[in-house]
Amino acid sequence: AFPKQVRLVEMSPRDGLQNEPGAVIATAIKTGLIDRLADCGLSHIEAASFVSPKWVPQMGDAAEVMAGINRRPGVRYSALTPNLKGLEGAIAARADEVAVFGAASESFTKKNINCTIAESLERFAPVVEQARSHGIPVRGYVSTVMGCPYEGDIAPGQVATVARALYDMGCHEISLGDTIGVGTPLKAKRMLEAVAAHVPMEKLAAHFHDTYGQALANLYAVLEEGVAVIDSSVAGLGGCPYAKGASGNVATEDVLYLLEGLGIRTGVDLHRLVATGNWICQQLNRHNGSKVGQALVGN
Ligand code: HMG
Ligand code: MG
């Protein structure tokens, strides 16, 4: 059955901007985006990433971004933390939530965070433990859940193994990433069923990129199974620097339009969101990747 309510986790300031080519985007544009997103009613915004600036130059101003936002009460501002150094930065910046990120594929893990899956889990354990000792909840990502740019098909059982390891470690929520957007609804359902046999459904989030235009269909499939947390990015911004050809997350406007049609509550204002999507696209001189954003522009 469909959930009555869905929490949208807004990815655009992090997943949306981390791969933007060209000059590093001004901190003021990033904070302007985050503040506008909070004004739309989004309660959970991934605001920054405390990773190596050599690996991801666009996220090099994470501390300044976190310091520059106008914190809206009730909004959770989260940040990626691949290791203890990242966690230190996120704690100093008063992140409300942090996230460790692994993958179901060995090759992708190597390219993305320069270690094996087993090493990544060893590295995450103290990050999760220390974050929780500071009272900071930790999200866990599993990438390449429906396919890997280097290895192709990924077995659902492998996704379940990594998801369960992160959950057992103390991650409060596991976000399942179709990093390169290759999934289709039946595949999404089977992957989810494999994971849900090990991690409770209410602890799972869907993080689907839209490279092949299947993200909304895949979301419909997992919503029907009971997933009630969806990661998305306004204007469909984004991609992943270690997944060639990957396009952005599914557009938040498009997801919201779908959810409204299904009578599912989110607390997010569609018209403000459309305005925000158009604003950031103007700032970046970028095409708006949201169909709904294009259809409703100026309305
Ligand atoms: P490494 O080179 O193996 O690590 O990188 P290292 O510990 O040897 O450190 C190398 C250098 O980085 C050192 O500096 C460290 O101090 C520095 P140097 O001595 O050379 O001057 N360093 C850091 N600096 C700032 N903050 C840190 C940090 N850690 C080390 N936290 C590492 C390992 C994990 C650091 C690196 O591989 C990395 O930063 N990777 C980030 C990759 C990334 O951000 N990918 C995108 C996010 S994941 C994603 O998009 C997928 C997702 O959306 C879900 C989906 O769609 O599937 C979540
Ligand atoms: Mg992603």
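FYI, it's all coordinate maths here, none of it is from the lab. Treat the numbers as computed from the prediction; the structure is a model and nothing was measured. Here the Cβ positions follow ideal geometry from the backbone for every residue, glycine too, while neighbour counts run over all protein chains shown.
Miscellaneous remarks
- Gln282 paired with Glu129, simple spin-label distance in nm, labels 7 Å along Cα-to-beta-carbon: 5.1 nm
- Highest-MSF residue in the chain out of Gly267, Gly102, Gly140 [GNM, Cα springs under 10 Å]: Gly267
- Estimated purely from DSSP H runs of n ≥ 4, each contributing -39500 (n - 2.57), the mean residue ellipticity at 222 nm for the chain is -12000 deg cm²/dmol once divided by its residues.
- Rounded is the label for the chain, because a/c, from the alpha-carbon gyration tensor with a ≥ b ≥ c as root eigenvalues, stays below 1.5.
- Farthest toward the positive end of the dipole of the chain, out of Asn114, Val195, Val222, is the Cα of Asn114, where the dipole comes from beta carbon charges about the Cα centre.
- DSSP bridge orientation in the chain - percent antiparallel, rounded to nearest 5: 5 percent
- Residue of Pro156, Pro73, Pro137 that the Gaussian network model of the chain assigns the largest fluctuation, springs spanning Cα pairs under 10 Å: Pro73
- Gap separating the Cα centres of segment 20-56 and segment 96-156, nearest whole Å: 21 Å
- Per-residue Cβ neighbour rank within 10 angstrom, fewest leading, Glu46, Glu193, Glu10, Glu122: Glu122, Glu193, Glu46, Glu10
- Two-site label geometry, Arg71 and Ala23: point separation in nm, points 7 Å out along Cα→Cβ: 3.1 nm
- Positive-pole candidate from Gly140, His209, Val297, dipole of the chain, charges at beta carbon: Val297
- Exposure proxy ranking, count of Cβ atoms within 10 Å, fewest first, for His44, His287, His209: His287, His44, His209
- Footprinting exposure proxy for Arg76, Arg286 (fewest neighbouring C-beta atoms within 10 Å first): Arg286, Arg76
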